[in-house]
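Following: one structure in structure tokens, then a few remarks.
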């Protein structure tokens, strides 16, 4: 029997899809692209220079990654409705501290809560629900849910620009969280929610679940899953250096960035379909190919066209990564353990993307061109792919080695 398509999911599972999609979309308020829109007023409020704000931002991001590693697994035994309520309360409190507190430390704590609950826990909630609850057409469900991020990237910046014409930046934050509170209140009162898949573990009993950081297969897989986020983070932060070395303009980069966001949409939908058709382990060997080809062509062509190829290829692959990776984690570790395994992966990615800009900055300070940095990323990608093949050849839900 063929796997149901997107139409079936939208018609028969729209409630659960809506909850998961809203969670991922809500996470946009803690994503770097959104907070970056307010970098200047936030730095002025905190009394920080641009460099000092960047350091504070990196510090709270690393702290958020550590907390995701500890809080994320609780989604395996805390009812999702209660988990969502706690994350929503944390996000609301963080925004109020960030926008209202006249003191430095509470405001930085607010920034940390926004990062933790936004990029960390809301995104974790949405993807875990979709990956765990959809046993039929899981790939398509994850593809639809992952659209929450590119939707935010395309809709929120122009909306912010329009709202700032009539409201201050603090009022804008209050308006946005107010709309989200109404949306979540509707979801929590009108829709049925799934239960937690496991009981709360007894602290006195030996832990029997997976410990990804102690498994060799997790470490063999990790470099493949981290290469794209690390490289794209470097591109976003050092865009001026990249366009200069490529002989391109920042206008080209801005236009290509919009195309990158649009490319994530077909990437997510195609990957979700392919996961259901040929399986997550097979597609996991191939999903990185568009980015690898984009790196090769960008290095060969250079100029404005190279920027277009790089960002569109990166967008396609970024769109494919969420449905592929989350389906792969379910296949290897089981849906009942997805909260623990996915939070471990998310924490590793947060740490890596928090440290990578500093390392890339040192390379640029040493007069290493961006072409050579991207060539190094391509070599690392090939090595990561070779390292992952043994894990990707394992049967689903195999025991840890």
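The values are calculated or read from the model by the stated rules, or taken from the named source; none is laboratory data. The model shown is predicted, which means the values in this text are computed figures rather than measured ones. Neighbour counts are summed over all protein chains in view; Cβ atoms, including those assigned to glycine, are modelled from backbone coordinates with ideal geometry.
Brief remarks on what is shown
- Helices (runs of 4 or more DSSP H) fully within the range 291-401 that include at least 3 residues being touching a strand residue (DSSP E or B) at 6+ places or on another chain (Cβ under 7 Å), over 24 Å from residue 83 (Cβ atoms) and at pLDDT 90 or above: none found.
- Check on residue 132, closer than 16 Å to residue 319 by Cα and either modelled with pLDDT under 90 or in a helix (DSSP H, G or I) (or both): no
- Options 286, 299, 270, 295; residue that is free of Cβ contacts under 8 Å to residues at least 40 places away in the same chain and either assigned by TED's automatic domain parsing to the domain that holds residue 223 or out of contact with any helix residue (DSSP H, G or I) (no Cβ under 7 Å at 6 or more places or on another chain) (or both): 286
- Counting the residues of the range 184-218 that are loosely packed, with under 15 Cβ neighbours inside 10 Å, modelled with pLDDT of 85 or more and part of a helix (DSSP H, G or I) gives 6.
- One residue from 105, 85, 98, 62 being surrounded by fewer than 19 Cβ atoms within 10 Å (Cβ to Cβ), in contact (Cβ under 8 Å) with a residue 24 or more places away in the chain and over 23 Å from residue 337 (Cα atoms): 62
- Candidates 160, 179, 166, filtered to the one that is surrounded by fewer than 24 Cβ atoms within 10 Å (Cβ to Cβ) and not in a helix (DSSP H, G or I): 166
- Boolean, residue 112 is part of a helix (DSSP H, G or I), crowded, with 17+ Cβ neighbours inside 10 Å and not assigned by TED's automatic domain parsing to the domain that holds residue 341: yes
- Residue-level check: of (1) in the same structural domain as residue 84 (by TED's automatic domain parsing); (2) in contact with a helix residue (DSSP H, G or I) (Cβ under 8 Å, 6 or more places away or on another chain), residue 227 misses just (1).
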